[in-house]
Each structure stands twice: as C-alpha cells, then as structure tokens.
Amino acid sequence: MAGSSSRNHRTSGAAAHLTEPRWVRWGLIALTLGFLGLFLIVPLAAVFTEALGRGWSAYTGAISTPDTLSAVRLTLVAAGVAVPLNLVFGVAAGWAIAKFQFPGKNVLLTLIDLPFAVSPVIAGLIFVLLFGRQGWFGPWLAEHGIRIVFSVPGIILATIFVSFPFVAREIIPVMQAMGRDEEEAARVLGANGLQTFLRVTLPNIKWGLLYGVLLCNARAMGEFGAVSVVSGKIRGETNTLPLHVEILYNEYQFQAAFAAASLLALLAIVTLVLKTIVERHVGRTTVQPGTATDTLS
Amino acid sequence: MSIEVRNIRKTFGTFAAVRDVSFTVGSGELVALLGPSGCGKTTLLRIIAGLEVQDSGTVLLSGEDASTQDVRARGVGFVFQHYALFRHMTVFDNVAFGLTVRPRSRRPDKAEISRRVHDLLKLVQLDYLHDRYPSQLSGGQRQRVALARALAVEPKVLLLDEPFGALDANVRRDLRRWLRRLHEEIKLTSVFVTHDQEEAFDLADRVIIMNRGQIEQDGRPDEVADQPKSPFVMNFVGNVNRFVGTAAAGRATFGPFTVDYPDAVDSTSRPAAGYARPHELEVSRNLTNGGLPARLVHVTPAGALVRLELLDDESRTIVVDLPRVQQEQEQFHAGERLSVIPRRLTIFLEE
C-alpha cells in the first residue's frame, strides 16, 4: 500500500519524508524568484515602460525613423544570411561527427565551441585583422574595390562566427542518439541518399534542428560585441539594432533607445515562447508510451 | 536464390573480424551463423548484405558476383538486431517504405502498395496494428514489423541479425516456431546470426559455427551436436565434462578409464582431452567398477531429467544427467561417494 500511495503523489512532488523541510523549499523558491525578478523581470518591464512612457504615437514614431528601420533591416539581413549558412554547416558537422569515425574528430568538436570561448570583441578584431585596411587581405581587397570591414559583409561574417555553434551543438547529440541503424535500413530497402536524408534522418532531427535555429537566430540578431568592432557604426548603413540602441542612448535619446530595445526584447520573448513549444515536441518524441501486449497465434 | 561466400576477409584496425571464410547457402535453405560475441558472424552477415565492405574475397548472389554492388542493388532483406524501425512512421508506412522509395517507373501504384502492405501485415499477423507507431508495439511485434518491412521489397535472400536477441524467453520461443513455419511457407533463402545454440539447432537446416573469425564446423544440427569437430564446438553447443589424460598407440587414458583411440598412431604419449555430455555419463554405487570416484554434492530436478553435480578427488566438477525414473529407483543423495563411468567419450589431442 505504501508503494501505491507514494506513486499517487508523484505528480505533486515526492512523498513528504523524502523531501527537504518546508522552509528550505520555500526559501529556495523565493530566492530564485527574487533573483529572476531583480535581474530579468524588472529590467524587461523598465524597457517597455521607458519605451511607451511618452505614449504609443511617440513609440511608433521612434521606431519608424529611417535610421531605426535601416538598423532593423540590416539585423534581419545579417541573421537571414547567417542562420541558413549555420544551418547547413551545423547539419554537415553534426552528420560527420555523429555518423563517421575519422582522425581529428575531437579537435573538430572542440573547435565548434570556439565562438563560445572567445570574447566576441576578439572575434570582431580577427576580421579587422584579416580584411581591414592594414589587414592580411586588406591591400588586395582595396585594389579590387571590395569593402568588408566597416561594411555589410563584415557584419555578416562576424554574425556567422558568433552564432555558428548553436545548430551543430543541438544536432550532434540528437544524431548520436539516433545511430545509423535506421539509415542503413533505409538503404537496404532501396532508398538513395537524398531519400534517406529527407524521409528518415530529417524527421528524426527536425525538432532539435528547429531548436538550434531558434537559438542561433536569437544570438545572430542580438550580437553586439563582434559586430560593433567591424561595423564602424555608420548610421543608416552599418548599424544593426543592438548598435543603434547604444548610439541613441549615448545621444541621450532615451525614449528612442528604449523603443528600439523593446524590439529586441520582443524578439527574446517570441524566441522563448517558440522554444517552449519546440521543447514540448522534443520531449514528446522521446517519450515511450506503454507497450502493447503481444499476441501470436 | 543461393548465396556463396568465397575467402572473405575483413579487418577493423588491427582486429581481424573475419579470416578467410567460405561457405554456400543453397536456394531455400535456412542457415544459422552461430558463435560467441565478437566471432565475426554479424560482420559476415553485413558483408553479404553490402553494409560492410570486405578487404578481400567475393560474395555471389545466385551465382552472380555481388562484391562490388551497392546495398541497394543487391536485393537483400535485412532484419536488424534492434529492428531499426522508422520511429516517426506508422507500421503501415514502415512496411511500405521500400516500395515508395522506388523510382517512379518501378513503383507500384498506391492501391497496389496498400494491398501488398496489408497482405504482408496479415502474414505477420499484425494487420490490426497498421496505424500504430513502433514505440507503441511490444518487442515481438516490432520484430515482426521489421520482418514484414524486409519482405515487402521481395528480396532474393533474407538476412537476420540476432533476430530474437532482444526478446524475453517466452516470446522468443513462440516467434521462433512462427518463423520456422513462415520459412516453410515462403521458402526464402535465409541466413540468421545468433549466439544461442538452442535457437540455431531449433530453427536452422544447417548450422555454421564460427570462432575468432573462422568457421569451426558447418553441418546439419544433428551432425554438429553429435560429431563436433573441435573442442570449441564441443564446448559451445552444450554442457560438457572434460577429462584430461594422454593418448598413445591407439589408446587414450583418462584417470581410471582407458578407451580405444585409433587416431593416436604414435607410440609416444601426447596430452589429450576426453569430453562427455552430462547424459553420456553413468553413476553407480559400485566403487570398484573401474570408474572415477566422486562425491555427490547437489541434486537438481530438471524436467524429465535429474541433474547430479559431483566433485572428484581433485575438486573438479562433474555434471551428470540421469533419467528421472532411474533417480527414483536409486535415490542418490548428496554426500554419497559414487563411481562415474562414461558411456561415450569424444577425444581431441591437445595442442
């Protein structure tokens, strides 16, 4: 009987004697909520109050200035190039690492994490060092009239660099868990490479993939450090949304700065909502429902 | 359709998985590749399927060299050890997969695919589960879906990797009987890999026993069981008692027993081992009959038999199976000293 009663209570936590005293539980919950409130909720609320402080029309006015719109556009372009490229790279790297044995596999795994380890400012500097006027390829680029640093291509490069681990990181464990059996089965049954990928591999990794894309996109749109080094901050030309927020703020245009910041905050909220939905699906596909009984005559 | 394997070799790094293996499987035959784990049996099966490439040697499918053919072109059905069902597809879609990925010119129309899939699902007695997902099935059901999926492409040969390995004992026995009936019905040339000798003997027309990448013996189940060609086979295909001794000049001696052994032609004595299955030994209370004296330590009923466990004077265990009737008459009990005499000994010279 004891066993069944504790099982009944599992949804509302473990049996009372197995858990911490009440004051510890409530203390921990209060601490966590207090921390979250102070560092997340209050700032988020502040962004929207400041942004909407002078009314809705002031808010839409601040957002629809040409410079802000241009910053939004550039952010979308940078993410629009970086995310698909990193999607392809992530799937390729995930595939190589999860399904094949080759020398240098661990080195590759470590290298994929490099953008997490390197400060974004350094990442930006690398591109200035490579493509800037005094950089390695600088003279050649200048001769051919190609501008990378302080221009859109540089921003895109920096964005790709800082956001590239996300898809690969999400996909590798999913692919490793999947193994090669199903793909081998598909091949024995006569499927070609593309059919195998589209009909067997992709459906198995799609939620992991989507999750990776979401995180990659959030990082691509929100990146400040690396982009700020290569951007040159030419207003209306090489300003992304995060850079634009800083410029407005430094010019004491608080309301406009917060209005622009609210767009980024909205992006974060949308990402979180989508992330929750995707996570629910990821969870659902790994759940194994009870097995049916076997009948064989 | 026959399978012929000629001088196959396969090495993984420094590990020789398959070392010069050749055998033939006749059309309609059901052959078991039997051996302990790591003996190369699964590698060999995967080489026949084309999932693994041999270092040297040839694979012929119905007389044609398939060594350089891609998996997709070989026309084999493969049942994976852990079934490898497509987990995001229903049972129906799993079975239909092989038909739906065909190029348009060879693809049957939808109604035809549906008819064939349902026919196969009826064959494996799972038609009522056609809209379930693999995760909603029991192990035995998954196994049968995997089989139906492999049969859907009308393969020339069927290859099964440890087909019952992941199932519990009862389901395994049922499924084995069912598979034997199915094979009698469709007579598809089949090779299955197993480490379970009972399963191999029960199901196969022929058993190929492998050890360390080589074939130890290839024969009908009764041949392999009654005339093992090597100590390895002797040990592998059932319980066995081993007596150490010597052989010389046509005689072999193991402690108190001496038996004829014409294979030992030399007059110099060589080490030899005599093997006797538990049912090939007799026990008696007569300690002067020239048998090996041993103390009975344990009596276990085992169905129609009674299993006696004895220890000889050098503390080596001897296992004897007696018919239950005999034990009822004799009433041997633990602690008694008995004399053990082999009715039959299989002798191998030691290297």
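The values are calculated or read from the model by the stated rules, or taken from the named source; none is laboratory data. These figures come from a predicted structure and were not determined experimentally. Cβ: placed from backbone, ideal geometry, glycine included. Neighbour counts: every protein chain shown.
Only one of these conditions is not met by B:K229: (1) assigned to a loop (DSSP other than H, G, I, E, B); (2) surrounded by 20 or more Cβ atoms within 10 Å (Cβ to Cβ). Which number is it? Looking at each condition in turn, B:K229 falls short on (2). Among the candidates B:E223, B:E216, B:E198, the residue that is under 28 Å from B:L61 (Cβ atoms) and surrounded by fewer than 15 Cβ atoms within 10 Å (Cβ to Cβ) is uniquely B:E223.
Counting only helices (runs of 4 or more DSSP H) that fall entirely inside region A:1-115 and contain at least 1 residues that are more than 21 Å from the chain's Cα centre (by Cα), at pLDDT 90 or above and hydroxyl-bearing (S, T, Y), the qualifying elements are A:22-36.
I need a count of the residues in region B:149-188 that are within 12 Å of chain A (Cβ to nearest Cβ) and in a helix (DSSP H, G or I). Qualifying residue count for the region: 16. Checking each residue in region B:118-147 for being buried (at least 24 other Cβ atoms within 10 Å of the Cβ) and either away from every other protein chain (no Cβ under 12 Å) or over 18 Å from B:A84 (Cα atoms) (or both) picks out only B:L147. With B:S269, B:S284 as the choices, which residue is of a type in the set (G, A, S), surrounded by fewer than 19 Cβ atoms within 10 Å (Cβ to Cβ) and without any contact (Cβ under 8 Å) to a residue 40 or more places away in the chain? None of the others qualify; the one that does is B:S269. Taken over region A:121-180, the criterion of being out of contact with any helix residue (DSSP H, G or I) (no Cβ under 8 Å at 6 or more places or on another chain), more than 30 Å from A:F197 (Cα to Cα) and small (G, A, S) is satisfied by A:A142, A:G145, A:S151.
Being on the phi < 0 side of the Ramachandran plot and surrounded by fewer than 15 Cβ atoms within 10 Å (Cβ to Cβ) holds for only one residue in B:V320, B:V297, B:V340, B:V306, and it is B:V297.
B:G140 falls short of the stated requirement of being in the same structural domain as B:A32 (by TED's automatic domain parsing), at pLDDT below 90 and touching a strand residue (DSSP E or B) at 6+ places or on another chain (Cβ under 8 Å). Within region A:269-279, does at least one residue satisfy the condition of being within 14 Å of another protein chain (Cβ to nearest Cβ) and assigned to a helix (DSSP H, G or I)? So far as region A:269-279 goes, no, none of its residues is within 14 Å of another protein chain (Cβ to nearest Cβ) and assigned to a helix (DSSP H, G or I). Evaluating B:A264 against the criteria (1) outside any helix (DSSP H, G or I); (2) surrounded by 17 or more Cβ atoms within 10 Å (Cβ to Cβ); (3) at pLDDT 85 or above leaves one unmet condition, (3). So, in region A:213-247, of the ones that are without any contact (Cβ under 8 Å) to a residue 24 or more places away in the chain and of a type in the set (A, V, I, L, M, F, W, C), which residue ends up surrounded by the fewest Cβ atoms within 10 Å (Cβ to Cβ)? Among them, the one singled out is A:I247.
Contact map, region B:287-301: first residue without any contact (Cβ under 8 Å) to a residue 12 or more places away in the chain, second residue surrounded by 15 or more Cβ atoms within 10 Å (Cβ to Cβ) and outside any strand (DSSP E or B), Cβ cut-off under 7 Å, separation 6 or more or different chains; the map is empty.
Yes or no: B:A304 in the same structural domain as B:Q331 (by TED's automatic domain parsing), more than 14 Å from B:R337 (Cα to Cα) and under 30 Å from the mean Cα position of the chain (by Cα)? The answer is yes for B:A304. Residue count for region A:115-158, restricted to those that are on the phi > 0 side of the Ramachandran plot and free of Cβ contacts under 8 Å to residues at least 12 places away in the same chain: 1.
Scanning region B:100-115 for residues that are crowded, with 18+ Cβ neighbours inside 10 Å and more than 9 Å from chain A (Cβ to nearest Cβ) yields one hit, B:I113. Filter region B:44-69 down to the residues that are of a type in the set (V, I, T) and in contact (Cβ under 8 Å) with a residue 60 or more places away in the chain and list them by number. B:I48, the sole residue that qualifies. Of everything in region B:26-49 that is touching a Leu at 6+ places or on another chain (Cβ under 7 Å) and within 14 Å of chain A (Cβ to nearest Cβ), the residue that is farthest from B:P155 (Cα to Cα) is B:L45.
If you go through region B:50-99 and pick out every residue that is more than 26 Å from the chain's Cα centre (by Cα), part of a loop (DSSP other than H, G, I, E, B) and within 11 Å of chain A (Cβ to nearest Cβ), you end up with 5. Screening B:P155, B:P108 for residues that are in contact (Cβ under 8 Å) with a residue 60 or more places away in the chain, assigned by TED's automatic domain parsing to the domain that holds B:L203 and within 28 Å of B:S27 (Cα to Cα) leaves exactly one candidate, B:P155. Scanning region B:171-213 for residues that are at pLDDT 90 or above and among the basic types (K, R) gives B:R206, B:R212. Inside region B:302-318, residues that are among the aliphatic types (A, V, I, L, M) and free of Cβ contacts under 8 Å to residues at least 24 places away in the same chain make up a count of 4.
Residues in region A:145-189 that are away from every other protein chain (no Cβ under 13 Å), in a loop (DSSP other than H, G, I, E, B) and farther than 22 Å from A:S231 by Cβ: 0 in all. Among the conditions (1) assigned to a strand (DSSP E or B); (2) closer than 26 Å to B:L45 by Cα, the only one that B:T253 does not satisfy is (2).
For every residue, the table says whether it meets (1) over 23 Å from B:T253 (Cα atoms); (2) hydrophobic (A, V, I, L, M, F, W, C).
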| position | (1), (2) |
| --- | --- |
| B:P271 | no, no |
| B:R277 | no, no |
| B:L281 | no, yes |
| B:T300 | yes, no |
| B:D313 | no, no |
| B:V319 | no, yes |
| B:R324 | yes, no |
| B:E330 | yes, no |
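Scanning region A:200-221 for residues that are basic (K, R) and within 14 Å of another protein chain (Cβ to nearest Cβ) turns up just one, A:K206. Remark: pairs (first residue in region A:264-278, of a type in the set (S, T, N, Q); second residue surrounded by 13 or more Cβ atoms within 10 Å (Cβ to Cβ); Cβ separation under 6 Å; 6+ apart in sequence or on different chains) = A:T271/A:L214; A:T271/A:A218.
Number of residues in region B:131-153 that are β-branched (V, I, T) and farther than 19 Å from B:L167 by Cα equals 1.
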